[in-house]
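Engineer: Before we start, here is the structure in question, set down as structure tokens.
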Amino acid sequence: MAEKRRIYLDNNATTPLHPEVKKTILSAMEIYGNPSSLHSFGRQARSHVEQARDHVARFIGASSDEIMFVASGSEGNNTILSILNCECRGCEFNSCRDRELVTTTIEHPCIMEASKCLKERGMKVHYAGVDADGKVVMDRFKDLVTGNTGLVSVMMANNEIGTIQDIRTLSGIAHAKGAMFHTDAVQAVGKVPVDVNDLGVDFLTLSGHKIYGPKGIGAVYIRKDSPFCPLIRGGHQERGRRAGTENTIGIVALGKAIEMRALEMVEEEKRLLQMKEALREGIRTSIPDIHFVGHPTDSLPGTLNVSFDGAEGEAILLYLDLEGLAVSTGSACASGSLDPSHVILATGLPQECAHGSIRFSLGRENTMEDIAYLLDVLPKVIRRIRGMSTAYARRQ
Amino acid sequence: MELTNWAYTDKVLDHFMHPKNILEDEKAYKEDGRGITGNIKCGDQMLVVIQVDKAKDVITDCKWKTFGCASAIASTSVLSEMVRGMKIEDAYKLSPKDITKELGGLPEHKIHCSVLGDKALRAAINDYYLRNGMEDKVRTEEARIVCSCMNITDHEIEEAVLEGARTFYELQEKTKVGTVCGECKDDVLRLLEFYKNKHFCNIEEAMPAKTPA
């Protein structure tokens, strides 16, 4: 029996390893010295780590000593938010304890939860809303950022709807008020051009597994002379900013993943955009009563979020899965909670639509044939679900 | 297709892949009773229609429609099979637990998806009674689900009041009632007043009016 077709369209969740990264990981497995050791084994490991750091730094227009490796995007984001609340006397950001945080209503859960925690500890946190396309509402944002603001954190590209923010303008507003600016660029780095100086950010988070690197490795950009306070203490690694023996294999693999992005990103993202637009057009013409969520142009090339009236997201996801197609949903039922996606709701789409939202996120291994197969299967799945739905009156 | 490690049992998967007794042509179906429950804002809603052999008091057919996830679809599908040929009084007694058991279990966070099916069925049976002049048989449930989002019953509200909850907020803290769509708030406030009076005042009051599910 022929192997059933399996197509991965969930590249914003994570990505398959780039073949070159795989090779690099295999050879990096031979490097076992502790990068902190002075002997030749240590020095060998150190040189690999520093080479990777150079790749990361160069790719985002930073200098190497501004890059700190972390174990995940979530760790990076938590680290940056935690500097606002440290009460240690020695901490550089200590003076900012009484200052406020401004973020948005569509951040990744790690920023949402970390900011909620800061709020519970007594810090003032403001959430800037977004418009129907998921763009931060500038006027409102301007009002929220004041002389009391210590830090502003706005994600560069949204993981669910793909909308890309105008980070340069936002950071300009923050700096004009004397606030620091952080961007969670986990979904942006390696998909769209990112240059920390163009963007004018003080902190930036990126992650390996979203760009064909392995899980468990990420990096944070910390602008030179920015105040900083470690989240993980107890070692001199990463210039004393993050304790713990370096994840040599992960770091080397991240360096390679980024090196490959530097070579392939521009061409490949053009291809992803073409596929996305073909998918958008295909859905628009074959399925009635749908809503595209996310900015039509300022958006990640491979991300398309669609909500289907009268069809619940988890059911769509699982029927597609049975046909070998892997996607994700903003429905409550799939998340284990009872609330649908906070991002979809923040764009103003009603709750009943949020339950029917599906995210397609394309990656380097997808082809136009995958899109054709999806466009063959999807209308049938939606028709089938709507056929048994109380929430969809057939309009034929 | 590799389907190992599904969160769902084979039975759930089977009913999801091949749902039984979908109400395809609503207009043509000659129903003896109809019940609908749930809310599309909360992400699930179910409609159940039944045909009854009036001489024998037996449900001869049951069809349904569901807006919801895989476990909601499977729950209504399996329910429609369970009640065919069942005495109407027995069908009335079906609980979410019976449905979950028939499905071989559901993940814990999915249990609330199964509670709407039996509720819709009871609504359909009540509707059947009403249509056939048997108002006396219409029963409100012993434990009635007040908040269908969090699957909270009037019994749990009563317990919480006995444990000291005196405001809607305190009830929310204790039971999570009304923390999702909030549609049940008025209902909960009525129950709160009633149980406060029942247990902590000497005022005798009738049970608050219950609407058929």
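Any read-out appearing in this document is the output of simple, stated calculations on the displayed coordinates, not a laboratory observation. Since the structure is predicted, the reported quantities are computational estimates derived from the model, not experimental observations. Every residue, glycine as well, gets a Cβ built from its backbone with ideal geometry; the counts of neighbours run over all protein chains shown.
Engineer: Enumerate by residue number the trypsin sites (Lys or Arg not before Pro) in region A:123-173 meeting two conditions: DSSP loop (anything except H, G, I, E, B), and at most 14 other Cβ atoms within 10 Å of the site's Cβ. Before the final figure, lay out the partial values.
Structural biologist: On the way: sites: A:LYS124, A:LYS135, A:ARG140, A:LYS142, A:ARG168; in loops: A:LYS124, A:LYS135.
Filter output for region A:123-173: A:LYS124.
Engineer: Tell me what chain A gives for mean residue ellipticity at 222 nm when only DSSP H runs of n ≥ 4 count, each as -39,500 (n - 2.57), the sum divided by the residue total, rounded to 500 deg cm²/dmol. Provide the component values of the computation, followed by the final result.
Structural biologist: Values: 14 runs with 159 residues, N = 396.
The helix-only estimate for chain A comes to -12500 deg cm²/dmol at 222 nm.
Engineer: If you don't mind, another one. Mean-square fluctuation check for chain A, GNM, Cα pairs under 10 Å: which of A:GLU113, A:GLU66, A:GLU269 is largest?
Structural biologist: A:GLU113
Engineer: While we're on this one: What percentage of all Cα-Cα pairs in the protein assembly as shown are separated by more than 35 Å?
Structural biologist: On the way: 91738 of 185136 pairs.
Tail of the P(r) past 35 Å holds 50 percent of the pairs.
Engineer: Just give me a number: lysine pairs in region A:19-260, eight or more positions apart or cross-chain, with C-alpha atoms less than 17 Å apart.
Structural biologist: The result is 13.
Engineer: Right, another one. Which value in Å does the Kirkwood hydrodynamic radius of region A:19-260 take, with 1/r averaged over all unlike C-alpha pairs and then inverted?
Structural biologist: Details: mean 1/r = 0.0549 Å⁻¹.
Computed over region A:19-260, the radius equals 18.2 Å.
Engineer: Still on this model: Dividing the alpha-carbon Rg of region A:100-174 by 2.2 N^0.38 Å yields what?
Structural biologist: Working: Rg = 11.7 Å, N = 75, 2.2 N^0.38 = 11.3 Å.
Output field value: 1.03.
Engineer: Using the Cα gyration tensor of region A:285-396, with a ≥ b ≥ c the square roots of its eigenvalues, what is the shape: rounded (a/c below 1.5), prolate (a/b larger than b/c) or oblate (neither)?
Structural biologist: Details: a/c = 1.44, a/b = 1.10, b/c = 1.31.
Judged from the Cα gyration tensor, region A:285-396 comes out rounded (a/c under 1.5).
Engineer: If one takes the longest principal axis of the Cα atoms in chain B, at what angle in degrees, from 0 to 90 and to the nearest 10, does the Cα axis of helix B:111-131 lie?
Structural biologist: Result, in degrees: 90.
Engineer: Distance between the C-alpha centers of region B:124-172 and region A:168-207? Whole Å please.
Structural biologist: 52
Engineer: Could you work out the relative contact order of chain A, using alpha carbon pairs under 8 angstrom and six or more residues apart, expressed as a whole percent? It would help to have the intermediate numbers written out before the result.
Structural biologist: Numbers: 812 pairs, mean separation 86.3, N = 396.
Relative contact order here is 22 percent.
Engineer: Quantify how much of the Cα-Cα distance distribution of region B:145-200 extends past 17 Å, in percent. Kindly include the intermediate steps, with their values, before the conclusion.
Structural biologist: Values: 310 of 1540 pairs.
Result for the distance tail: 20 percent.
Engineer: Okay, moving on. Under the Karplus relation 6.51 cos²θ - 1.76 cosθ + 1.60, θ = phi - 60°, what is the ordered set of whole-Hz ³J(HN,Hα) values for region A:340-357, x standing for Gly and Pro?
Structural biologist: Karplus-based 3J(HN,Hα) across region A:340-357 equals x, 3, 5, 5, 4, 5, 5, 7, x, 5, x, 3, 5, 6, 4, 5, x, 8 Hz.
Engineer: Right, something else. When only C-alpha pairs under 8 Å and at least 6 residues apart count, what is the relative contact order of chain B, in percent?
Structural biologist: Values: 344 pairs, mean separation 39.0, N = 213.
It rounds to 18 percent for chain B.
Engineer: What value, in deg cm²/dmol to 500, does the helix sum -39500 (n - 2.57) over DSSP H runs of n ≥ 4 give at 222 nm once divided by the residues of chain B? Intermediate values should be presented prior to the final figure.
Structural biologist: Details: 8 runs with 88 residues, N = 213.
For chain B, the value works out to -12500 deg cm²/dmol.
Engineer: What number of lysine-lysine pairs in region B:145-200 show an alpha-carbon separation below 17 angstrom, given a sequence spacing of 8 or more or placement on distinct chains?
Structural biologist: On the way: B:LYS174/B:LYS185; B:LYS174/B:LYS196; B:LYS176/B:LYS185; B:LYS185/B:LYS196.
Taking region B:145-200 as the scope, the lysine pair count is 4.
Engineer: Once the principal axes of the Cα atoms of region B:10-137 are found, what is the range along each, listed largest first in whole angstroms?
Structural biologist: Each principal axis gives a Cα extent; for region B:10-137 these are 40, 27, 24 Å.
Engineer: Please state the charge dipole magnitude for the protein assembly as shown, taken about the Cα centre, from unit charges on C-beta atoms (+1 on K and R, -1 on D and E), reported in debye and rounded to the nearest 20. Please report the intermediate quantities before stating the final value.
Structural biologist: Details: 75 positive and 86 negative charges, 114 e Å.
Dipole size: approximately 540 debye.
Engineer: Please identify every one of the trypsin sites (Lys or Arg not before Pro) in region A:299-396 that sits in a loop by DSSP and has no more than 12 other beta carbons within 10 Å of its own beta carbon.
Structural biologist: On the way: sites: A:ARG359, A:ARG364, A:LYS380, A:ARG383, A:ARG384, A:ARG386, A:ARG394, A:ARG395; in loops: A:ARG364, A:ARG394, A:ARG395.
Of the trypsin sites (Lys or Arg not before Pro), the ones in loops of region A:299-396 whose Cβ has at most 12 other Cβ atoms within 10 Å are A:ARG394, A:ARG395.
Engineer: Then there's this: Build a GNM of chain B with springs between Cα atoms under 10 Å: which of B:ILE50, B:ILE22, B:ILE40 gets the top mean-square fluctuation?
Structural biologist: Largest GNM mean-square fluctuation: B:ILE40.
Engineer: Of B:ILE88, B:SER75, B:GLY43, whose Cα points farthest to the positive end of the dipole of region B:10-137 (charges on the beta-carbon: +1 Lys, Arg; -1 Asp, Glu; origin at the Cα centre)?
Structural biologist: Looking along the dipole axis, the top candidate is B:GLY43.
Engineer: Where nothing but the Cβ of Lys and Arg (+1) and of Asp and Glu (-1) is charged, how large is the charge dipole of region A:19-260 around its Cα centre, in debye to the nearest 20?
Structural biologist: Values: 28 positive and 28 negative charges, 88 e Å.
Roughly 420 debye, rounded to the nearest 20.
Engineer: Something else: Under the rule a/c < 1.5 gives rounded, and otherwise a/b versus b/c splits prolate from oblate, where does region A:1-82 land using the Cα gyration tensor?
Structural biologist: Working: a/c = 2.43, a/b = 1.43, b/c = 1.70.
It is oblate, given that a/c is not under 1.5 and a/b is not larger than b/c.
Engineer: Long-range amide H contacts for A:ALA128: which residues qualify at under 5 Å (H placed 1.01 Å from N, peptide plane, sequence gap of 5 or more or a different chain)?
Structural biologist: Residues meeting the criterion, in which the H sits 1.01 Å from N, are A:THR103, A:THR104, A:THR105.
Engineer: Where nothing but the Cβ of Lys and Arg (+1) and of Asp and Glu (-1) is charged, how large is the charge dipole of chain B around its Cα centre, in debye to the nearest 20? Intermediate results must be reported in sequence, preceding the final value.
Structural biologist: Details: 30 positive and 37 negative charges, 56 e Å.
Charge dipole of chain B: 280 debye, to the nearest 20.
Engineer: Relative contact order of region A:296-396: what whole-number percent is it, with Cα pairs under 8 angstrom and at least 6 residues apart? Intermediate values should be presented prior to the final figure.
Structural biologist: Numbers: 132 pairs, mean separation 38.6, N = 101.
Answer for region A:296-396 is 38 percent.
Engineer: Please give every one of the lysines within straight-line cross-link reach of B:LYS27, meaning a C-alpha to C-alpha distance under 27 Å, and leave out same-chain neighbours fewer than 8 residues apart.
Structural biologist: Once the sequence-local lysines are set aside, what remains near B:LYS27 is A:LYS380, B:LYS41, B:LYS54, B:LYS56, B:LYS63, B:LYS65, B:LYS87, B:LYS119.
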